[in-house]
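Take a look at the structure set out below.
The values are calculated or read from the model by the stated rules, or taken from the named source; none is laboratory data. This one's a predicted model, so the numbers in the text were calculated from it and none came from an experiment. Cβ sites come from the backbone with ideal geometry, for glycine too, and all protein chains shown count toward neighbours. Ligands, DNA and RNA are excluded from the accessible area calculation, which covers all protein heavy atoms including side chains. Shrake-Rupley method; radii C 1.70, N 1.55, O 1.52, S 1.80 Å.
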Amino acid sequence: MTTNPVMIPGPFRVLDRDEYLTAVSAAVSAMNYFPSRPPLDYGMAEEIVSAALAAVGVFSPIPVPESLEPSCTALYLPNVPDQFDASIFGEWQQCADEPGHEGDYHENPDVGWSDGSPGSVPAGAADEMTTPSGAEREN
Ligand SMILES: [Zn+2]
């Protein structure tokens, strides 16, 4: 059983990376099965799968650190349906402030949050949370 380190209120759930990759691959395979359909590339499939799953309360895993912007790496998963519309609900958000900024409040143009809020991941923690079992880490 995989333990997910992101604290998120039920009934929502965050997929682990293997579940997510399986879902995206299934979408690509389903779309590309028929040659008459326009091909679905992996990036488009990720967006479709993420949005479809978020609509039913199942969220994408924490983004891999290599995909993050060169700013503060604190992350937040908007998880309160009343506060966020479909364009942001369940879509990982990254702080847009300078790396290592003071305080535990983070924000980007769409949302602000504090470390410790449900769905938040402190700066620098995504690296640890996306490395499976620490097996591939070099210390
Ligand atoms: Zn920040």
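Tabulated results
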item: Residue that is farthest from the ligand (Cβ to nearest atom) [pool: residues in segment 100-109 that are at pLDDT 95 or above and open to solvent by 50 Å² or more (accessible area, probe 1.4 Å)]; result: Pro109
item: Matching residues, segment 75-95, being more than 8 Å from the ligand (Cβ to nearest atom), part of a loop (DSSP other than H, G, I, E, B) and without any contact (Cβ under 8 Å) to a residue 40 or more places away in the chain; result: Val80, Pro81, Asp82, Gln83, Phe84, Asp85, Ala86, Ser87, Ile88, Phe89, Trp92
item: Residues that are β-branched (Val, Ile, Thr) and part of a loop (DSSP other than H, G, I, E, B), drawn from segment 8-35; result: Ile8
item: Positions within segment 59-74 being within 15 Å of the ligand (Cβ to nearest atom) and either charged (D, E, K, R) or touching a Pro at 6+ places or on another chain (Cβ under 9 Å) (or both), in sequence order; result: Glu69, Pro70, Ser71, Cys72, Thr73, Ala74
